[in-house]
Each structure stands twice: as structure tokens, then as C-alpha cells.
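I have placed the structure first, in the form of C-alpha cells, so that the comments after it can refer back to it.
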Amino acid sequence: MFKELKILKLSLFAVFLAIIIWQVRESNKISVFFTTNLSHSAGSEIEVFQAGNFHSADGVFLLSNLEGEMFYKDVFDYIDNCEKNTAGNEFSIANKNPVELPGSIMSGVYLMNNLYSLILRGEKESDITIVYPYANNLIYQDAGNGTILSNKIMDFNLASPVLVDEYTRGLMNLFTFCSNNYSVNYITDVELENKDMYASSKLLVIYGQTSFYSLLMKNKVIEFLKEGGNILLMSSSFSTNAMWLDNNRVRFSIGDSSNNFKLNSWLGLNDDIRNKIGLSYQFGGKAKTVIGQSYKILNKKHKIFEGVEGYEVPLSANRYIGAYSEWSEEASTYIPKNHFYKSEILAFNECKNGNLVDNIGGVYAIQPDSTSGIILSLGTEDWCLEKNQSNEVIFTISKNAIDFLVK
């Protein structure tokens with residue numbers, strides 16, 4: 001009996017060991033999809049690259065939109081590739097597969113196997129251009145081995161698998177509203193360097209993680225605003241850090257022969273965007289309290305608050321962008337202090353920046369001069385999150401902001 005019991009225990013141990021080994025192997029499996037272009041023309045044939053480190057009998061490639069609607073399905077030939085950087089997501093070998101997109105497909109953010117982004121752009125002029133934060137997502141994403149920043153990778157390839165971020169997913173319904181009411185085009189943040197891709201649009205929508213911008217990206221956005229285009233900004237740290245682009249590669253510094261990992265701020269390089277648009281994370285900061293992060297509405301008559309009851313915006317957020325403002329005893333409110341043609345705080349929450357200076361983050365409408373466009377900032381990338389966009393008040397303000405800036 002004891003012998004049989006011992007055999008039973010050994011058998012169970014062998015089963016558990018096999019399960020553990022299988023789970024480890026499964027957790028280490030890699031199968032990714034990416035393209036070598038930042039965006040692709042809708043309805044064209046594109047080349048999709050697939051790489052992995054395990055054999056799959058069904059290497060299925062799926063292309064769907066944010067709502068989950070399927071547009072393309074195919075089975076790719078398998079290729080074994082274990083050479084992968086720690087966080088750079090660069091593959092020395094990958095399987096190239098032609099994908100013929102349906103002619104009816106529209107410009108937008110699409111998902112490869114429900115994970116990796118594929119941006120399709122239109123070739124016609126549009127009312128709205130929405131900017132997908134491609135390079136910034138690549139910098140901040142963590143696929144299990146840390147981020148490019150945490151691994152101190154000095155330069156990386158843009159032709160890499162880019163995970164779709166939570167801010168893009170959270171804005172799904174707002175993107176649908178835009179498409180149902182206006183003509184819309186999608187480009188990537190790096191493509192802001194080419195102003196011809198969005199110069200004819202009335203509105204540029206910039207959202208999510210937007211900390212890293214090249215000099216040309218930053219300057220072309222400022223040109224767009226100066227020439228009369230409007231901008232809707234949903235981010236707390238816009239164009240804070242510098243990056244340099246060269247032949248589809250990104251570097252965080254140039255002219256540094258030491259090869260040490262180093263980040264450069266545009267403020268430190270004496271070319272901060274706050275002088276052009278009045279907004280900066282240094283004029284905003286982190287929320288003072290975890291509870292009570294709602295915005296207090298100051299100008300209830302503004303068009304973006306049409307249909308909103310009360311004077312509170314029930315936002316859940318941690319970080320805010322702001323403009324330099326001072327308290328006015330006479331007006332009993334905060335007043336922006338700058339040299340711009342028009343500058344107004346529409347709603348706010350108190351916060352502190354990295355130096356623990358009290359600031360005002362929130363909703364700002366700024367028009368640099370009498371002929372320029374308006375930049376409307378909703379204060380934070382957290383505005384885009386599903387938990388906030390699912391709130392009727394916040395979604396109403398989001399739609400009103402689009403209408404206000406397009407019409």
C-alpha cells in the first residue's frame with residue numbers, strides 16, 4: 001500500500017512539474033506583428049512582418065478596428081526567430097507577408113491580433129486629423145521586459161511592434177463621433193514633421209503620451225496653430241523632452257561621444273514650447289489629493305459646457321498641464337498671465353509641480369494672436385481613459401470641444 005501511495009505521489013509530482021514547465025514555455029512565447037512604415041494608405045497593399053520564437057501550426061493574422069470588427073484574416077508561414085532586444089522590440093529576422101487591404105476600409109487605428117497598432121491614413125483633405133502617439137507609445141510601452149527608458153536604450157528603430165495604448169482604446173467612442181460627423185484622417189506623431197499631411201485640416205487632435213517630440217515635429221505643430229489651425233490637446237506633458245529622428249531611428253541625444261544614456265528637455269535646450277502655446281507641465285503638476293480631482297467650471301457659458309449641469313467635471317486624473325496663472329482678489333478667480341491675444345481658464349483643479357509649487361491644471365483655451373488658431377487643452381491624458389470617457393459629462397464636453405474647434 002505504501003509503495004502504491006509513493007508511486008501515486010511521484011506520478012502527481014510529475015504531472016505538476018509538466019504543467020509548470022508548460023506554463024513557463026507558454027509565458028516565454030513571443031509572436032509579434034509590425035510594419036516598416038509609420039502609417040499606410042487605406043485600401044493599399046502593405047507588408048506585415050511577423051516574428052516569434054515558437055512553432056505555431058496556425059500563424060493566424062487578424063486585422064480589426066478598435067470596436068473589434070474584423071477586416072482581414074490570413075495564415076502566415078512560420079519563422080523561428082529568438083533574436084530580440086531587451087526592450088527595443090527589434091528583430092533581426094522576420095517573415096514578410098503581403099496584406100491586401102479591402103478598398104472599403106477607412107482611415108483609423110487598427111489592431112493586428114488585437115494588440116499591435118496599424119495606422120491607416122486617407123489621401124483626401126479632412127476636417128480633423130487625429131495624431132496617434134506612435135513613437136511615444138513605443139518609448140513608454142512595457143511588453144514584459146521594461147520600457148526603452150527603464151532599460152536606458154539610447155536609440156531604437158521605429159519599425160517595431162507598437163502596442164495600442166489605453167488612451168487610444170478609451171477614445172474609441174469619441175473617434176466614432178468624429179467619423180460620423182466630420183471627415184477624419186489619422187497620422188502618427190512622427191508624421192507631424194510633414195505638415196502637408198494635415199495642413200488643410202481645421203482641427204488637429206493630439207492625445208495620450210506626448211512627452212517626446214523632435215524639433216521639426218514641435219515647430220510644424222506651432223506653424224499649424226499660427227496659420228489658423230485649431231488644436232485639441234489631451235495630454236499633461238506635451239513636447240517636454242527632445243528626440244532626434246534619422247532614417248527611421250530615434251535617439252535621445254546627439255553630439256554626445258560618451259554613449260551615456262541621457263534625456264534632454266526642450267526647456268534645458270532653451271527651446272521650450274511654453275513660449276509658443278503658454279502650456280507646460282511645469283505650470284501644472286500632480287493632483288494635490290487622490291480624492292477630489294474633479295474640475296471646477298469657471299466659465300459655464302462656454303460652448304464646450306453646453307448640456308452639462310452643475311459646475312463640476314467628475315474627472316479622475318493624476319497629472320495636469322497648465323498655464324502660468326495668478327489669483328485675482330478682485331475677480332475672485334485665477335487669471336492666466338501671459339502675452340497672448342486670448343487666454344482663459346475654463347475649468348481647473350489645484351495641483352503641485354515637481355518643485356512643489358502650487359499651480360492650476362485644467363481646461364485652457366489659448367489663442368496666441370488675432371489670426372492664429374485656438375489650442376484647447378483638456379488638461380491630461382487621463383481624460384482619454386475609458387473610466388472618464390464613459391462618464392456622460394466628460395464625453396459631452398469631449399464632443400462639444402470637437403464641434404467648437406471644427407465649426
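Rule-based calculations on the coordinates, nothing more; no lab input. None of the values given here were measured: they were computed from a predicted structure. Glycine also receives a Cβ, built like all others from the backbone with ideal geometry; neighbour counts cover every protein chain displayed.
Taking the criterion of being on the phi > 0 side of the Ramachandran plot and within 24 Å of the chain's Cα centre (by Cα), the only residue of segment 349-372 that qualifies is Gly362. Spot the failing condition for Gly144; the list is (1) in contact with a Ser or Thr (Cβ under 9 Å, 6 or more places away or on another chain); (2) in contact (Cβ under 8 Å) with a residue 24 or more places away in the chain, and only one is missed. Unmet for Gly144, out of (1) in contact with a Ser or Thr (Cβ under 9 Å, 6 or more places away or on another chain); (2) in contact (Cβ under 8 Å) with a residue 24 or more places away in the chain: (2).
For segment 232-273, the set of residues classified as without any contact (Cβ under 8 Å) to a residue 12 or more places away in the chain and in contact with a strand residue (DSSP E or B) (Cβ under 9 Å, 6 or more places away or on another chain) consists of Asp246, Ile254, Gly268, Asp272, listed by residue number.
Number of residues in segment 310-324 that are closer than 19 Å to Tyr207 by Cβ and not in a strand (DSSP E or B) equals 4. Any residue in segment 333-348 that is touching a residue at least 60 places away in the same chain (Cβ under 8 Å) and assigned to a strand (DSSP E or B)? Checking segment 333-348: at least one residue is touching a residue at least 60 places away in the same chain (Cβ under 8 Å) and assigned to a strand (DSSP E or B).
Restricted to segment 181-258, the set of strands (runs of 3 or more DSSP E) holding at least 1 residues that are buried (at least 22 other Cβ atoms within 10 Å of the Cβ) and hydroxyl-bearing (Ser, Thr, Tyr) comprises 184-188, 203-207. Just one residue in the set Leu378, Leu346, Leu385, Leu405 is over 22 Å from the mean Cα position of the chain (by Cα) and closer than 28 Å to Ile128 by Cβ; that residue is Leu346.
What do you reckon, is Leu269 part of a strand (DSSP E or B) and surrounded by fewer than 19 Cβ atoms within 10 Å (Cβ to Cβ)? For Leu269, the condition - part of a strand (DSSP E or B) and surrounded by fewer than 19 Cβ atoms within 10 Å (Cβ to Cβ) - is not met. In segment 144-159, the residue that is farthest from the chain's Cα centre (by Cα) out of those that are surrounded by fewer than 18 Cβ atoms within 10 Å (Cβ to Cβ) and not in a loop (DSSP other than H, G, I, E, B) is Asp155. Put simply, of Thr129, Thr176 the only residue that is within 21 Å of Ile397 (Cα to Cα), outside any helix (DSSP H, G or I), of a type in the set (S, T, N, Q) and out of contact with any Pro (no Cβ under 9 Å at 6 or more places or on another chain) is Thr129.
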